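Read through the structure below, which is laid out as structure tokens, and then see the notes.
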Amino acid sequence: MLKSTPLPPDSVLTARARALAYPEHTAAGLAALSRAIPLAEALAITPEALKAEAIRRAGGPVDFGSAPLDEPLAVLCRSLNDEIQFHALGRLQLFNQLAGLLTLRLRFEDLWRRHPEILDQPVERPIIVIGLPRSGTTILHRLLSRDPAKRSSPFWEQVAPLPDGDPTAPQPDPDPRLVRMRQSLDMLDTVVPDLKLMHELTADQPDEDISLLIFAFASLQFEWSYRVPSYSRWHQAFDHTEGYRYFRRVLQTLQWLRGGERWVLKAPQHLEQLGPLLTVFPDAILVQTHRDPVPAVISLASLTTYGGRRYYDHPNPHAVGADMASIVERLLRKGVEDRPKDEGRFVDIQFTDLIADPLGCVRRIYAVAGDVLSPEAETAMQAWIDDNRQGKHGGHDYAAEDFGLDVGDLRRRLGFYQDRFSIPVDRRFAG
């Protein structure tokens, strides 16, 4: 939790908020927390320590390349050390995440030096889903990825984009990275067992691009996960065009390693990075999903607060609610302000339409993209729809007061977006 933000008194916390702020861990979760204590005590979250660990793990390469690194890493480390109070498991996970991304950056740079032809790979006419968080972006992204003619990155590849050892060597089947990811998600389920009610992570299905944007610090992942105020201010002020170019190089590498050409990508963060996104992918088709933003904010606050038990002893529901409302407002304002006047490349999809007629929405996207929905792709998409009905794992309950939010205030702040795209009000949150 933020060091300077105390928990609200119990008297103002709802029962749901109290359960989020004082999590009851499973026995397996408590064991993982206990095991992390001696491992985390010796870890230094500093640029020097993280770079040294990355060089050790990479086993040879020492060139991190010229993309943004030193400034964002220094700002991030200061923010993490000065502003956040992690429990031992959170600190251990954080160290491994940062050392891991730096290790992969060393390995990417080394691979590109040895195989410069990788960066000649075409990345043409990607379909990029850019909608509001909790507005159906995951549903649509995974649905589009069922088309055999499209290339998406499964979650295991996003987290571990380069194979073990020599990336050019033949890989076992199943890939060890897939096996490890399934094991990791099984462990995650012991720590945050209700996560699948809110956002199901599946090893072999695609997820957000933030894991592939992270290598040059163009990703919102740190802000989503850790709530790092000073780093967030740096991130908002920085031009991330070079970070998006690095993202494109990562996509080229994945193509070179595992094939595929026509990418289907997704991240809500693209809403505030339309300039860098369209500079690097000038022929992209952008699909924006739309949902009443008020329940989207509250749902996102619920997901983020619940996930916070992976890092903090006592996640703060009210502070998370305020942060998520600010982030969503920021994304939506930038998405409206920076949207090009020539909207021919955009496809707008209402969440209600996506739920009612998902294949009809796919056909609309394909018409703009100049694609044909083949019988094989349609069959695969329908099978995915049948297997992934809403509420598959149970319900996800949340309310504005759980997170110190006021529906009327959210309606005033976010009305510009709702009016711009004629989004119907969710009557459960009418205010």
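The values are calculated or read from the model by the stated rules, or taken from the named source; none is laboratory data. These numbers come from a predicted model, not from an experiment. As a convention, Cβ positions derive from the backbone with ideal geometry for all residues, glycine included, and neighbour counts pool all protein chains shown. Note: areas computed on protein heavy atoms with side chains; ligands, DNA, RNA excluded. Shrake-Rupley method; radii C 1.70, N 1.55, O 1.52, S 1.80 Å.
So which pairs qualify, if the first residue must be in the stretch 1-28 and more than 13 Å from Phe403 (Cβ to Cβ), the second must be open to solvent by 80 Å² or more (accessible area, probe 1.4 Å) and not in a strand (DSSP E or B), the Cβ gap must be under 6 Å, and the two must be at least 6 apart or on different chains?
Final answer for the pair search is Met1/Gln85; Lys3/Gln85.
Looking at (1) surrounded by fewer than 21 Cβ atoms within 10 Å (Cβ to Cβ); (2) at pLDDT 95 or above, can you tell me which one Ile139 breaks?
Checking Ile139 against (1) surrounded by fewer than 21 Cβ atoms within 10 Å (Cβ to Cβ); (2) at pLDDT 95 or above, the one that fails is (2).
Applying the selection to the stretch 110-136, what residues are surrounded by fewer than 19 Cβ atoms within 10 Å (Cβ to Cβ) and either β-branched (Val, Ile, Thr) or not in a helix (DSSP H, G or I) (or both)?
Looking only at the stretch 110-136, we keep the residues that are surrounded by fewer than 19 Cβ atoms within 10 Å (Cβ to Cβ), and these are 110, 112-122, 124-125.
Once the filter is applied, which keeps residues that are surrounded by fewer than 19 Cβ atoms within 10 Å (Cβ to Cβ) and either β-branched (Val, Ile, Thr) or not in a helix (DSSP H, G or I) (or both), the stretch 110-136 yields His115, Ile118, Gln121, Pro122, Glu124, Arg125.
For Pro23, state whether it is surrounded by 17 or more Cβ atoms within 10 Å (Cβ to Cβ), closer than 27 Å to His240 by Cβ and not hydrophobic (A, V, I, L, M, F, W, C). Walk me through how you get there before you give the answer.
Working: surrounded by 17 or more Cβ atoms within 10 Å (Cβ to Cβ): yes; closer than 27 Å to His240 by Cβ: no; not hydrophobic (A, V, I, L, M, F, W, C): yes.
The answer is no for Pro23.
Name the helices (runs of 4 or more DSSP H) wholly within the stretch 303-389 that hold at least 2 residues that are closer than 30 Å to Ser4 by Cβ and open to solvent by less than 10 Å² (accessible area, probe 1.4 Å)?
Values: elements: 317-337, 351-356, 358-369, 375-387.
Passing ranges, in order: 317-337.
Does the stretch 226-243 contain any residue that is within 13 Å of the chain's Cα centre (by Cα) and not in a loop (DSSP other than H, G, I, E, B)?
Checked the stretch 226-243: at least one residue is within 13 Å of the chain's Cα centre (by Cα) and not in a loop (DSSP other than H, G, I, E, B).
Report every pair of residues separated by at least 6 positions or lying on different chains whose Cβ atoms are under 7 Å apart, first residue within the stretch 172-192 and touching a residue at least 24 places away in the same chain (Cβ under 8 Å) and of a type in the set (Ser, Thr, Tyr), second open to solvent by less than 30 Å² (accessible area, probe 1.4 Å) and assigned to a helix (DSSP H, G or I).
Close Cβ pairs (under 7 Å, with a partner that is open to solvent by less than 30 Å² (accessible area, probe 1.4 Å) and assigned to a helix (DSSP H, G or I)) amount to Thr190/Gly29.
I want to confirm something. Restricting to the stretch 26-58 and keeping residues that are surrounded by fewer than 11 Cβ atoms within 10 Å (Cβ to Cβ) and at pLDDT below 95, which single residue is farthest from Thr103 (Cα to Cα)?
For the stretch 26-58, the residue satisfying everything is Ala27.
Considering only residues that are over 17 Å from Arg330 (Cα atoms) and either open to solvent by 50 Å² or more (accessible area, probe 1.4 Å) or at pLDDT 95 or above (or both), which ones fall in the stretch 409-431?
Here is the first cut: in the stretch 409-431, the ones over 17 Å from Arg330 (Cα atoms) are 422-431.
Those that are over 17 Å from Arg330 (Cα atoms) and either open to solvent by 50 Å² or more (accessible area, probe 1.4 Å) or at pLDDT 95 or above (or both): Ser422, Pro424, Val425, Arg427, Arg428, Ala430, Gly431.
Residue-wise test of (1) open to solvent by 10 Å² or more (accessible area, probe 1.4 Å); (2) touching an Asp or Glu at 6+ places or on another chain (Cβ under 7 Å); (3) not hydroxyl-bearing (Ser, Thr, Tyr).
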| position | (1), (2), (3) |
| --- | --- |
| Thr202 | yes, no, no |
| Thr241 | yes, no, no |
| Leu254 | no, yes, yes |
| Gly259 | yes, no, yes |
| Gln273 | yes, no, yes |
| Phe281 | no, no, yes |
| Leu286 | no, no, yes |
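Any residue at all in the stretch 336-356 that is within 27 Å of Ala237 (Cβ to Cβ), in contact (Cβ under 8 Å) with a residue 24 or more places away in the chain and either among the β-branched types (Val, Ile, Thr) or touching a Pro at 6+ places or on another chain (Cβ under 9 Å) (or both)?
Yes, because at least one residue in the stretch 336-356 is within 27 Å of Ala237 (Cβ to Cβ), in contact (Cβ under 8 Å) with a residue 24 or more places away in the chain and either among the β-branched types (Val, Ile, Thr) or touching a Pro at 6+ places or on another chain (Cβ under 9 Å) (or both).
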